[in-house]
Amino acid sequence: MSELSLLLSTQPVLLYTLVALLGLIVGSFLNVVIHRLPLMLERAWAAECAELRGEPPAAQERFDLLWPPSHCPACERPVRPLENLPVLGWLWLRGRCAGCGAPIPLRYPLIEAGCGLLSLVVVWRFGWSLQTPAALALTWLLLALAVIDLRTFLLPDALTLPGLWAGLALALVPVLVPLRDAVIGAMAGFLVLWSVYHVFRLLTGREGMGRGDFKLLALLGAWLGWMQLPFVLLASAGVGAVIGILLRVAGQLDAGRPLPFGPFLAAAGWIALLWGQELTTAYLRSVGL
């Protein structure tokens, strides 16, 4: 064991501090991903449509996760390094652009703080172990997917598919689950929601969910194994139904308006990552199995 590993394993306060800071930094980057990735996809789709129509591609400036640098969308003033500090930068600016005074959405510090808090819970659960980096990576990925789906009804393949393959690759070690459980989990996760989608469309003539949900559940199956899928499905469907009913009663969700399922899948998957085995065992004992 290296000196750093020994220090972190014997000094939990230091470990928690470093992970919290890392979570805040990653949360700041996730804000970029959450904002820019859907726009990047829209640009790519527009270019593909133009190509199919035989039109020349429209001239576009470079736009990706690294360029252009962070700036105010209202006045295009660049965000200075100190202003870009997670949470602190937003508080320092009092939630407004230093140039034009335009409001900075509250979701930016909330995602940064939330990422830091979720990271702390992960390290509290797993401690200094091989599972911790993997659990942190899955936590960050699920957070990004949940917020993107909540804002845009998209679960981008650019996140779900690499996440799926990463879960299968980790199972080769294995880190969280054996390879057999991961492969079965990925297959079952995709096929279950794929089947629900087609049965619902056959019965109603409408699409009940997006195809990205299939891939997200397959991703969770690859990371968590097939045994956690029943809990993930029941918890996400149950909570989603309750929240949908409450929003409908409160007048916040119109009839026929869809509710993204990805955030509920992501939340249930994260709970299963940390406590799925204990919750499943407790349930089986409660029903006498």
Inset, instruction - Assess whether Leu120 counts as being under 17 Å from Ile271 (Cα atoms), out of contact with any Ser or Thr (no Cβ under 7 Å at 6 or more places or on another chain) and aliphatic (A, V, I, L, M). - result: yes
Inset, instruction - Kindly establish whether Ile104 is without any contact (Cβ under 8 Å) to a residue 60 or more places away in the chain, of a type outside the set (Ser, Thr, Tyr), touching a Leu at 6+ places or on another chain (Cβ under 7 Å) and over 19 Å from Leu21 (Cα atoms). - result: yes
Inset, instruction - Scan Leu41, Leu82 and give me the residue that is more than 19 Å from Pro109 (Cα to Cα) and hydrophobic (A, V, I, L, M, F, W, C). - result: Leu41
Inset, instruction - Report yes if some residue within segment 256-264 is closer than 17 Å to Gly167 by Cβ and modelled with pLDDT under 95; otherwise report no. - result: yes
Inset, instruction - Give segment 124-166 a look and list any residue that's in contact with a Ser or Thr (Cβ under 8 Å, 6 or more places away or on another chain), modelled with pLDDT under 95 and either farther than 20 Å from Gly276 by Cβ or surrounded by 21 or more Cβ atoms within 10 Å (Cβ to Cβ) (or both), or say none. - result: Trp128
Legend entry - Lone qualifier among Ser236, Ser286 - being among the hydroxyl-bearing types (Ser, Thr, Tyr) and exposed (fewer than 11 other Cβ atoms within 10 Å of the Cβ): Ser286
Legend entry - Which listed residue, of Phe200, Phe190, is at pLDDT 95 or above, more than 14 Å from the chain's Cα centre (by Cα) and either open to solvent by 50 Å² or more (accessible area, probe 1.4 Å) or more than 26 Å from Pro258 (Cβ to Cβ) (or both): Phe190
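The values are calculated or read from the model by the stated rules, or taken from the named source; none is laboratory data. Bear in mind the structure is a predicted one, so any value in this text is a computation, not a measurement. Glycine also receives a Cβ, built like all others from the backbone with ideal geometry; neighbour counts cover every protein chain displayed. To get the accessible areas, we keep the full protein, side chains included, count just its heavy atoms, and leave off ligands, DNA and RNA. Shrake-Rupley method; radii C 1.70, N 1.55, O 1.52, S 1.80 Å.
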